[in-house]
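Before any comments, here is the structure.
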Amino acid sequence: MPAAEKIHTVLGEIEPADLGRTLMHEHIICDIYRVTERLNELLNDEALAVAELKLLRQAGGSALVEATTPDMGRDPAALRRVAEQTGLHIIMGCGWYRQPYYPPEIDQLPTNQLADIMIAELSEGVRGTGIRAGIIGEIGVNLDYASAQEERVLRAAARAQKATGAPLTTHASMYPVGLAQLDILRDEGVDMSRVIIGHCDTYLEQAYHLAILEAGAYVQFDTVGRNHMNPDARRAEAFVELLRLGWREQLLLSSDRCFRSDLRAFGGVGYAHVFTTFFDMLRAEGVDDATLDKITIENPRRVLAW
Ligand SMILES: [Zn+2]
C-alpha cells in the first residue's frame, strides 16, 4: 500500500486535513531587487514579515505557499523561524524562477541533474538545513515564450514532479504563456492535475483560462490586490464567470506579496486582502461560503498533498 499523502511544510509533514485556509502563491523573504535594482522589490525583514503575517492569521489564514526559489533569495531557515513565530503552515518552493534570474548552472548542468537537485530538496531537504520543499516552483518564463534555458528548467521541473508526485506551480505573467508551459509539461508526461498555472489574473481572457482548465490544470488568480496589473473588480468578475461555468474544483487564489509596497507597513493591502476585501467582493457577486471554502481550503489540500 502506498504511504498516505502528506503536506510538506518547513516544520515537517502535516495531515492534509490540518492545512486550513491557504494562500497558494506568496513571498515572505524574497529578493527580486538583485535583478531589477528597484528597492521596492526586496523583502528581507523577518520581524516585519512576522507582524504582517499575524494580520493574515487574524483574518483566518492558516497556511501559505512560499513560492520563492533560490535564485530569488529563498531562505529556508528564515521561513522556519517565521513559521514558528506565526503558527502558519509554510510550504516552500524549489527550482528556478525565470531567465534573468538564472545562475550559470542552468547552462552547465544536464537537465536530469537540475531535476535531481529539486528531487533532493523535496525528498531529503535543502542541503545543510534538512528543511524540505513542499512544491516545485515558481517555475517561470520571462516573456510570451519559453527561452531555451526556461524550457530546460521546465523539463527538469517536470521530471522532478514525476519522480516525487509534488505539485508544480508556474509563473506565467501578462501573456497567455501558461499554454506554452502546459505543452512542455505534457510533452514530459506530467499529470496535469498536479500543475498550477500562476498569475492567470494578469491576463483576463476567458478563452485562456478555459484552455488551462480543459487541459486539467489549475487556474490560479494570485495577484489579487495588485491593482496596477488589473483592478480587483475585473478580477472578481472574471473569477465569478469561471465559477458560474462550473470550474470551482480547479480554481485557486492568492496575492503574490513580493514588494515592500504590498505590505501594510508601507501602505499596501497586506497578506489578508484575499480573505477580507476580495472575499467580500466575491460574496457581493453571490459566491457562497461553501464555494470560498472549496477554493481556499479543499483545493489547496488536494493539490498540496503528495
Ligand atoms: Zn511570485
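Residue check, residue 209 against (1) buried (at least 18 other Cβ atoms within 10 Å of the Cβ); (2) within 19 Å of residue 22 (Cα to Cα); (3) more than 16 Å from the ligand (Cβ to nearest atom), all met but one. Which one?
(2)
Quick check on this structure: which one of 301, 194, 264, 234 is touching a Gly at 6+ places or on another chain (Cβ under 6 Å), in contact (Cβ under 8 Å) with a residue 12 or more places away in the chain and away from the ligand (no atom under 16 Å from the Cβ)?
From the options 301, 194, 264, 234, the qualifying one is 264.
How about the stretch 61-160: which strands (runs of 3 or more DSSP E) wholly inside it have at least 3 residues that are within 16 Å of the ligand (Cβ to nearest atom), under 15 Å from residue 27 (Cβ atoms) and free of Cβ contacts under 8 Å to residues at least 24 places away in the same chain?
none
Kindly list, by first and then second residue, each pair from a residue in the stretch 198-210 that is among the hydroxyl-bearing types (Ser, Thr, Tyr) to a residue that is more than 15 Å from the ligand (Cβ to nearest atom) and assigned to a loop (DSSP other than H, G, I, E, B), limited to pairs with Cβ atoms under 6 Å and residues at least 6 apart or on different chains.
Taking only residues 6 or more apart or on different chains, the pairs are 203/176; 208/176.
Could you list, in sequence order, all residues of the stretch 110-130 that are crowded, with 19+ Cβ neighbours inside 10 Å and of a type in the set (A, V, I, L, M, F, W, C)?
114, 115, 117, 118, 119, 122, 126 - these are the residues of the stretch 110-130 that are crowded, with 19+ Cβ neighbours inside 10 Å and of a type in the set (A, V, I, L, M, F, W, C).
Cβ-Cβ under 6 Å, sequence separation 6+ or interchain: first residue in the stretch 15-38 and in contact (Cβ under 8 Å) with a residue 60 or more places away in the chain, partner among the aliphatic types (A, V, I, L, M) and more than 16 Å from the ligand (Cβ to nearest atom). Which pairs?
These pairs meet every condition: 16/7; 16/305; 19/7; 19/63; 20/63; 21/297; 22/63; 28/82.
How many residues are part of a loop (DSSP other than H, G, I, E, B) and over 24 Å from residue 257 (Cα atoms) if we restrict to the stretch 185-233?
Here the count works out to 5.
Please go through the stretch 14-34 and pick out each residue that is closer than 19 Å to residue 98 by Cβ, not in a loop (DSSP other than H, G, I, E, B) and not acidic (Asp, Glu).
24, 25, 30, 33, 34
Assess whether residue 46 counts as being more than 22 Å from residue 70 (Cβ to Cβ) and away from the ligand (no atom under 15 Å from the Cβ).
When the stated conditions are applied, residue 46 does not pass them.
Would you be able to say whether some residue in the stretch 15-36 is in contact with a Lys or Arg (Cβ under 7 Å, 6 or more places away or on another chain) and of a type in the set (S, T, N, Q)?
Checked against the condition, which is being in contact with a Lys or Arg (Cβ under 7 Å, 6 or more places away or on another chain) and of a type in the set (S, T, N, Q), the stretch 15-36 yields no hits at all.
Kindly check whether there is at least one residue in the stretch 7-21 that is closer than 22 Å to residue 199 by Cβ and within 15 Å of the ligand (Cβ to nearest atom).
The answer is no, given that none of the residues of the stretch 7-21 is closer than 22 Å to residue 199 by Cβ and within 15 Å of the ligand (Cβ to nearest atom).
Can residue 226 be described as in contact (Cβ under 8 Å) with a residue 60 or more places away in the chain and closer than 26 Å to residue 33 by Cβ?
Criteria not met by residue 226.
Restrict the check to the stretch 86-98 and report whether at least one residue is within 26 Å of residue 301 (Cβ to Cβ), under 19 Å from the mean Cα position of the chain (by Cα) and surrounded by fewer than 18 Cβ atoms within 10 Å (Cβ to Cβ).
No.
Looking only at the stretch 35-54, which residues are in a helix (DSSP H, G or I) and of a type in the set (S, T, N, Q)?
Within the stretch 35-54, 36, 40 qualify.
Values quoted throughout were computed directly from the atomic coordinates according to the rules given, and no laboratory measurement underlies them. If you're wondering where the values come from, they're calculated on a predicted model, not measured in any experiment. Reconstructed Cβ throughout: ideal geometry from the backbone, glycine too, with neighbour counts over all protein chains shown.
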